[in-house]
Amino acid sequence: MMTMALGLRLASAAVLAIGLAGCGGSGDSATTDAGALAKATALAATGSPTGDGRSGTSTIVKLQRYQIDPTKVFVAGISSGGFAAVQMHVAHSSTFKGAAVYAGGVYWCAGAGGAATALANCGGLTLPSNQASYNSTLTESEAYLDAQSSLGTIDPATNLRGQPVYLWSGTQDEVVNPLEMADLNSEYQRYGANVHFDSAIPAEHGWESPDGELACGTLGSPYMVRCTSNGAVYDSVKTWLTMFLGPLKPRNDGKLSGTLSAFDQTEFGASPNVSMSSAGSVFVPKACAQGKQCGFVLALHGCLQEASLIGNRWVTEAGINEWADTNELVVVYPDTIASSAPGPTNPNACFDWWGYSNQYDPNYALKSGLQMSVLYAMVQRVTGRP
């Protein structure tokens with residue numbers, strides 16, 4: 001599988017952005033995990049690299065339960081985290097009441113085919129035309145979704161009806177073909193979701209935010225881009241939070257009153273076996289910490305955006321905390337690690353959307369999926385869901 005994926009790699013920068021098994025380098029998982037924990041501790045102690053007051057505590061904290069409004073529980077993600085966000089949303093549609101997906105794809109896009117199939121069909125393989133490889137798996141996805149909904153291995157698909165869903169696909173994306181996101185748009189519409197699809201902005205592969213450090217059409221690390229629309233700075237997070245919450249209080253562009261901390265992921269089952277770091281990040285607005293009922297966002301980064309590689313740039317450039325601070329949203333940012341044999345082959349620290357966990361988890365997109373279970377346990381802790 002690794003040889004096949006390497007043979008398919010025609011544009012290394014774009015392939016590395018999605019980072020499936022067999023693409024890019026690898027490393028010792030235990031060493032990487034320790035590095036991620038040390039990095040998370042340092043980040044919590046020092047705060048944002050820009051020195052803007054977005055700091056946390058000097059220790060790894062225990063993730064707490066907060067008073068979360070069950071109607072305001074959402075998931076968001078980019079690239080591999082976008083695919084994983086779809087999985088979380090579809091599998092746990094009784095819990096999540098909306099989703100924001102950047103450069104992801106249809107549910108169970110990789111099917112049972114593993115990394116090579118995922119590369120060719122869903123994202124990560126750039127062709128000589130500078131377009132991402134794509135073969136529609138929409139029909140197979142919907143059949144699988146319907147079957148699993150009937151079996152009860154995921155929540156009923158009828159829960160998706162009427163839920164707000166935000167989709168982002170840059171017209172210049174060389175990593176995840178815009179046609180893949182068009183399929184996801186069709187899929188959500190089939191199940192009756194209320195979809196807003198941003199598909200006309202000339203962006204490269206990345207998460208869009210006014211705080212992104214890269215120009216809109218730039219492909220590269222840390223995959224955080226800033227764009228304009230109709231001559232003004234765009235803010236995609238504002239767009240989807242308005243869909244989810246209604247009119248928003250103004251974004252806090254100054255020192256945040258909330259706290260950004262590193263939290264222990266191991267108590268939820270995070271380990272090299274599921275390619276997850278010892279520590280993630282959590283942002284808690286002051287009002288939420290004081291017991292006020294708040295909303296919740298689970299935010300999933302893409303490949304090559306793990307803390308041990310890019311520090312806290314995903315957490316601080318995503319532009320979520322600035323809105324969360326004034327609109328009372330607890331935000332959990334789980335973190336992954338790069339891993340290699342004898343553990344999962346995941347050299348670019350992607351979230352698991354093709355079954356790499358424990359060297360192939362056939363249930364990766366179901367509630368029982370190995371990594372899915374770790375992520376949902378975090379959601380249960382914060383929200384108090386059973």
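The values are calculated or read from the model by the stated rules, or taken from the named source; none is laboratory data. This is a predicted model, so every value here is computed, not measured. A quick note on method: Cβ atoms are made from the backbone with ideal geometry, for glycine too, and the neighbour counts reach across all protein chains shown.
Here region 292-306 is the region considered, the condition is being outside any loop (DSSP other than H, G, I, E, B) and among the small types (Gly, Ala, Ser), and the residue that is farthest from Thr336 (Cα to Cα) is Gly295. Across region 342-386, the qualifying residues are those that are free of Cβ contacts under 8 Å to residues at least 40 places away in the same chain and assigned to a loop (DSSP other than H, G, I, E, B), and the one among them that is surrounded by the most Cβ atoms within 10 Å (Cβ to Cβ) is Asp361. Comparison of Thr326, Thr336 shows that the only residue that is buried (at least 23 other Cβ atoms within 10 Å of the Cβ), closer than 23 Å to Phe296 by Cβ and among the polar types (S, T, N, Q) is Thr336.
Can you find a residue that is farther than 29 Å from Lys367 by Cβ, among the hydrophobic types (A, V, I, L, M, F, W, C) and touching a strand residue (DSSP E or B) at 6+ places or on another chain (Cβ under 9 Å) anywhere in region 149-170? The answer is no, given that none of the residues of region 149-170 is farther than 29 Å from Lys367 by Cβ, among the hydrophobic types (A, V, I, L, M, F, W, C) and touching a strand residue (DSSP E or B) at 6+ places or on another chain (Cβ under 9 Å). When region 133-178 is filtered for residues that are of a type in the set (Ser, Thr, Tyr) and within 16 Å of Gly98 (Cβ to Cβ), the ones remaining, listed by number, are Thr158, Tyr166. Every test in (1) over 19 Å from the mean Cα position of the chain (by Cα); (2) among the aliphatic types (A, V, I, L, M); (3) buried (at least 21 other Cβ atoms within 10 Å of the Cβ) is passed by Leu241 save one, and that test is (1).
When we screen Leu179, Leu219 for residues that are part of a loop (DSSP other than H, G, I, E, B), hydrophobic (A, V, I, L, M, F, W, C) and at pLDDT 95 or above, the only hit is Leu219. For region 244-263, a residue qualifies if it is out of contact with any Asp or Glu (no Cβ under 9 Å at 6 or more places or on another chain) and either assigned to a loop (DSSP other than H, G, I, E, B) or surrounded by fewer than 17 Cβ atoms within 10 Å (Cβ to Cβ) (or both), and the qualifying residues are Gly246, Pro247, Leu248, Pro250. Scanning region 249-263 for residues that are in contact with a helix residue (DSSP H, G or I) (Cβ under 9 Å, 6 or more places away or on another chain) and not small (Gly, Ala, Ser) yields Lys249, Pro250, Arg251, Asn252, Asp253, Leu256, Thr259, Leu260, Phe263.
The residues in region 79-132 that are modelled with pLDDT under 95, among the hydroxyl-bearing types (Ser, Thr, Tyr) and in contact with a helix residue (DSSP H, G or I) (Cβ under 6 Å, 6 or more places away or on another chain) can be counted, and the count is 1. Look at region 215-244: where a residue is under 16 Å from Pro202 (Cβ atoms) and a partner is among the hydroxyl-bearing types (Ser, Thr, Tyr) and surrounded by fewer than 17 Cβ atoms within 10 Å (Cβ to Cβ), sitting 6+ places away or on another chain with Cβ atoms under 9 Å, you get Cys216/Thr228; Tyr234/Thr228.
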